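Notes follow the structure.
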């Protein structure tokens, strides 16, 4: 287990955590910055149905999931830094393309391209942390980066709304391009290569097949990637339908950015507490307890909606607590999935990210597209997520919960 507080010469741990958070933020801004503009974009570009505006989010996340399959092998062969620089440049170009889209279909195409480029940020963030740390320390560093990263969804809709006050929605995509360009410059000037040349793997059918085999046949690797796809799907469902819920269901559109930030804040809070507790309690204890809590919360939420007692504030309470549970699951599932395949971290991160990303899009889209003007689809969807993920965990762990196997 790594114990050096400075993972690589030339960059201190705090800057390393901040940089990992920044590249993760490229993806978070790509998802959340335009949320206040979804209905405006859909209306101006001629989306046919109200729920079609959700595809502005889910098409991006589809590209994000799909693209991850390629970047791990490339990063294992050429190193983390050059792959990151090239894809950040591609994200800048895709953002400019999105800003100039003349039709809804063109925008969706640009969003898929943005997602394909930003997919590298997830793969490389995981791989760079795994290059430097392992076990619970890896989970702690990941939580610290995630804690900083979760400031982005708290602030992004407010920043997007602020841009809309002074400029058309297209400037949101120009802002994305500017942020990605600044992270690109940071990477070029300050980021050391975290993968030593002696650990690089040639791209060949034999090496790829071996890395894929190791990743897909290890039950912890594949199992926790699948469990992560369930909980990540809950985030996608909420993000893609949040504007409709707050605006159409509760008539609180003028407070959308504040209310969304309140729910997102609890995910950041979960990451904060996880970074403090994971070394002492372990990834399994925290994530499995959170899953059980998510199931209980969802049952209570369904009961409230069925009784006709749902209000804006009951929804916010249930959503915030559910986001806390999902936040505690996600980062720990990711650490447990990566732990047994650290020696092929780049390719493993790609395969796991591909499974988690595309699985989450399917789960989140199914829940989001079921929006019917009420919060019932979200409450029922979260129950299905909690039960599904818990069943997967039980299979992984041989029917036993709270087993402290991870170092």
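No value in this document is a laboratory result; all are computed from the given coordinates. What you see is a predicted model; the values in this text were computed from it and never measured. Reconstructed Cβ throughout: ideal geometry from the backbone, glycine too, with neighbour counts over all protein chains shown.
Solvent-free Debye calculation, one equal scatterer per alpha-carbon of the chain: log10 I(q)/I(0) at 0.07, 0.12, 0.13, 0.14 Å⁻¹ equals -0.29, -0.90, -1.07, -1.25.
Give me the tail of P(r) for segment 278-389 as a percent: Cα-Cα pairs with distance above 20 Å. That tail contains 48 percent of the Cα-Cα pairs. Dividing the summed -39500 (n - 2.57) terms of all DSSP H runs of n ≥ 4 by the residue count of the chain sets its mean residue ellipticity at 222 nm at -26500 deg cm²/dmol.
When each of 296, 341 is scored by the number of other beta-carbon atoms lying within 10 Å, the sequence from fewest to most is 296, 341.
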